[in-house]
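Contents: one structure, followed by commentary.
The values are calculated or read from the model by the stated rules, or taken from the named source; none is laboratory data. Small disclaimer: the values here were computed from a predicted structure and weren't measured. When we count neighbours, we look across all protein chains shown, and the Cβ atoms used for this are built from the backbone with ideal geometry, even at glycine.
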Amino acid sequence: MNDYLLSLLLGVIEGLTEFLPVSSTAHLRLSEAVLGVDLGNGYWKMYTIVIQLGAILCLPIYFRARISEFLATFPNGRSGNRTVMDHPLSLTAIAFVVTAVPALLLTKVIGKNLESIYVMGAALLIGGVVMWVVDAIYGMPRAGGGYKTNDMEEMTLGQAIWIGACQITSAVFPGTSRSMSTIAGGQLVGMSRSAALEFSFFLSMPTMIAATGYDLFKSLKGGGSGIGVAPTDLHGWIILAIGFVVSFVVAYAVVAWFMHWVRRGGFAPFAVYRIVVGIAVLAWATSAGR
């Protein structure tokens, strides 16, 4: 396949799956394997980092008004009942730290699992079942009352710590999906679908910018980290640029659509999709001896 077309296709796949609860890592890695991309090639490892960064950078732009509101009301919040410890920005930072420390300590385990098609397939399947069950039980308001938390402004410190802990599973087991972990985790502690989704997006910003930024720095530095290598010619940079721009544009559209969808629909369709794809991936991995 032509490199430009390949970059366009992979950019679309990354943009479509980064923020939907279906695991962008699994879809990207599996797509690269099917399309014949050498998963051990340093350049394509760099490419994956770059297009993930392209997707994640759409969030600060999409949520720019919400971010400005949080900054303007820090630390007391919109209603004046928040503190420096439970303001939405603080809760995002706390959840990030809860995820980042264990993930950093488990770097070797994470790297090993990234090479396992079986792990991705199992994570897709199990995560789909978990999401379906959680959304069926907690997706609608409880009888006689609403959700415990309808907005990020109503979140508690305990909820943020719990969601940060849930996100660790997505780091350790590729295919779990960061958004699936945080959304389902939020629903389990009484958050509405829209509140859980919005906090998932906000938590994605520091988590993914830190992760991809760190990988990108190590790759460009060329310190023998083995993560990836920078392009050596103009052709390589153009391929990176195409993937970056395409993933950014597609991801922005997906975020806008998903925020609208979640207000009227649930997560069951994504759960079913995960289960079907997970079974297919496990069957393929078994037949191919992967």
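What's the number of the condition residue 95 fails, among (1) under 25 Å from residue 249 (Cα atoms); (2) in contact with a Leu (Cβ under 6 Å, 6 or more places away or on another chain)?
Only one criterion is unmet by residue 95, namely (1).
Within region 176-215, how many residues are surrounded by fewer than 23 Cβ atoms within 10 Å (Cβ to Cβ), β-branched (Val, Ile, Thr) and more than 19 Å from residue 59 (Cα to Cα)?
Final tally of qualifying residues: 1.
Condition first: in a helix (DSSP H, G or I), among the hydroxyl-bearing types (Ser, Thr, Tyr), closer than 21 Å to residue 179 by Cβ and under 15 Å from the mean Cα position of the chain (by Cα). Can you find one or more residues in region 47-65 that meet it?
Keep residues of region 47-65 that are in a helix (DSSP H, G or I), which gives 47-56, 58-62, 64-65.
Cutting the leftovers down to among the hydroxyl-bearing types (Ser, Thr, Tyr) gives us 47-48, 62.
Now drop any that are not closer than 21 Å to residue 179 by Cβ, which leaves 48, 62.
Add one more test, that the residue is under 15 Å from the mean Cα position of the chain (by Cα), and what stays is 48.
Within region 47-65, one or more residues are in a helix (DSSP H, G or I), among the hydroxyl-bearing types (Ser, Thr, Tyr), closer than 21 Å to residue 179 by Cβ and under 15 Å from the mean Cα position of the chain (by Cα).
Which of (1) surrounded by fewer than 14 Cβ atoms within 10 Å (Cβ to Cβ); (2) modelled with pLDDT of 85 or more does residue 224 not meet, given it meets every other one?
(2)
Of the residues 165, 160, 143, 122, which single one is in a loop (DSSP other than H, G, I, E, B) and either surrounded by fewer than 23 Cβ atoms within 10 Å (Cβ to Cβ) or at pLDDT 90 or above (or both)? Step through it out loud before you land on a result.
Values: 165 fails: in a loop (DSSP other than H, G, I, E, B); 160 fails: in a loop (DSSP other than H, G, I, E, B); 122 fails: in a loop (DSSP other than H, G, I, E, B).
None of the other options fit; the residue is 143.
Could you grab the pairs with beta carbons closer than 7 Å, sequence gap of 6+ or different chains, first residue in region 249-275 and free of Cβ contacts under 8 Å to residues at least 12 places away in the same chain, second one in a helix (DSSP H, G or I)?
Nothing qualifies.
List every residue pair whose Cβ atoms sit under 6 Å apart, with the two residues 6 or more apart in sequence or on different chains, where the first one lies in region 19-41 and is within 20 Å of residue 132 (Cα to Cα) and part of a loop (DSSP other than H, G, I, E, B) and the second, anywhere, is modelled with pLDDT of 85 or more and among the charged types (D, E, K, R).
From residues that are within 20 Å of residue 132 (Cα to Cα) and part of a loop (DSSP other than H, G, I, E, B), the pairs are 22/274.
Which one of the conditions (1) buried (at least 17 other Cβ atoms within 10 Å of the Cβ); (2) over 20 Å from residue 187 (Cβ atoms); (3) in contact with a helix residue (DSSP H, G or I) (Cβ under 8 Å, 6 or more places away or on another chain) does residue 116 fail to meet, given that it meets all the rest?
Of everything listed in (1) buried (at least 17 other Cβ atoms within 10 Å of the Cβ); (2) over 20 Å from residue 187 (Cβ atoms); (3) in contact with a helix residue (DSSP H, G or I) (Cβ under 8 Å, 6 or more places away or on another chain), residue 116 misses just condition (3).
Among the candidates 109, 97, 129, 101, single out the residue that is assigned to a helix (DSSP H, G or I), free of Cβ contacts under 8 Å to residues at least 60 places away in the same chain and of a type in the set (Val, Ile, Thr).
Numbers: 109 fails: free of Cβ contacts under 8 Å to residues at least 60 places away in the same chain; 97 fails: free of Cβ contacts under 8 Å to residues at least 60 places away in the same chain; 129 fails: free of Cβ contacts under 8 Å to residues at least 60 places away in the same chain.
Every option except 101 fails the conditions.
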